[in-house]
Amino acid sequence: IRLSLVGSEMCIRDRAMDGLIDTLIVAGGEEDALRRAIYEDGAGAWLAQAAQRSRRVASVCTGAFALAAAGLLEGCKATTHINACDLLAQLCPGTQVQRDRIFVRDGALWTSAGVTMGLDMALALIEEDLGRAVAMQIARDLAVFTLRTDTTPPVSYTHLTLPTTPYV
């Protein structure tokens with residue numbers, strides 16, 4: 001199964017509608033395109049059906065809004081990009097929006113707070129499936145500094161250590 005957004009058009013190619021999906025991952029994107037995909041092109045309805053055949057469902061960044069449109073966040077803990085947390089909480093009052101987490105796991109539902117935090121979430125998914133040693137090797141291959149846990153806050157501490165004078 002492949003779902004892709006090209007410009008404002010959504011294209012769903014479902015080769016095996018009756019097949020099981022191991023991990024369904026929904027990426028976020030530009031707000032207008034995401035709204036069109038969810039409400040006009042049927043991504044929300046498709047996700048609701050596909051999630052029923054999935055072992056687990058995950059979203060990266062504002063992909064959480066697509067999961068919400070599919071009814072998958074109701075009664076769950078979830079996160080999204082820090083700049084979109086208030087909107088998610090407003091649109092989905094039944095969702096416990098976690099503003100201070102890089103990713104959230106609530107049972108078989110995983111959400112990340114942004115694109116780079118999606119990498120942390122992907123490593124956690126790999127660790128769950130294949131073990132810590134494999135996840136650590138992949139992190140090393142990707143030159144990821146460390147495996148961050150889901151309780152790590154979505155804050156960059158880089159700005160705290162930058163010199164106040166320009167580099168020479």
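Each reported figure results from applying straightforward, stated rules to the coordinates on display, with no laboratory input. Everything numeric here is computed off the predicted structure, so don't read it as measured data. Neighbour counts run over all protein chains shown; Cβ positions are idealised from the backbone, glycine included.
Before moving on, here are some points about what is shown:
- Contour minus Cα-Cα distance for E74 and Q90 (0.36 nm per residue): 4.5 nm
- Nonlocal amide H pairs with I21, under 5 Å, H built at 1.01 Å: S54, R55
- Here the Karplus relation 6.51 cos²θ - 1.76 cosθ + 1.60, evaluated at θ = phi - 60°, turns the backbone of the range 80-97 into coupling constants of 7, 3, 3, 6, 10, 4, 5, 5, 4, 5, 5, 6, 10, x, x, 9, 8, 6 Hz, with x for every Gly and Pro.
- Model label sites at L20 and Q137, defined 7 Å from Cα along the beta-carbon direction, differ in position by 2.6 nm.
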